[in-house]
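Here the structure comes first, spelled out in structure tokens, and everything after it is commentary.
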Amino acid sequence: MLKLYLLGRPYVEVDGAEIHLSRRKNLALLAYLALAAEPRRREELTALLWPELDAHHAQTALRRDLWVLRNSVGKDALLVTHEAVG
């Protein structure tokens, strides 16, 4: 079971064990998706998290961070499609 703690020091637990995410943006992305009512478009996520990057590099950063999250918290924790993430 995935648990996300956002009060105090934010952290993630999977099956009772704390998971270390190496980048703050990984945790920010996971928190944003967890609090969203529905899947978010990839363009929205890249504009929010990587506004300083051009579209190509922002998409690359999103793919990298989604890979990290799916490998850290489990592939079933996130719904990832070509257009949206939830």
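Just so it is clear, none of the values below were taken in a lab; they were calculated from the coordinates. All values reported here derive from a predicted model rather than from experimental measurement. Note that we place each Cβ from the backbone using ideal geometry, even for glycine, and neighbour counts take in every protein chain shown.
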Log entry, pairs with first residue in segment 55-84 being loosely packed, with under 13 Cβ neighbours inside 10 Å, second being assigned to a helix (DSSP H, G or I) and of a type in the set (Ser, Thr, Tyr), beta carbons closer than 8 Å, six or more apart or on different chains, reads Ala55/Thr46
Quick count over segment 14-62, residues being of a type outside the set (A, V, I, L, M) and under 14 Å from Leu78 (Cβ atoms), is 6
Within segment 52-72, the residues that are over 13 Å from Leu29 (Cβ atoms) and touching a helix residue (DSSP H, G or I) at 6+ places or on another chain (Cβ under 8 Å) are Leu53, Ala55, Gln59
Requested in this report: Looking only at segment 13-24, decide whether some residue is of a type in the set (S, T, N, Q), surrounded by 15 or more Cβ atoms within 10 Å (Cβ to Cβ) and either out of contact with any His (no Cβ under 6 Å at 6 or more places or on another chain) or within 21 Å of Glu52 (Cα to Cα) (or both).
Outcome: no
Flagged in segment 26-35 as surrounded by 14 or more Cβ atoms within 10 Å (Cβ to Cβ) and either more than 11 Å from the chain's Cα centre (by Cα) or without any contact (Cβ under 8 Å) to a residue 40 or more places away in the chain (or both), in numbering order, are Leu27, Ala28, Ala31, Tyr32, Ala34
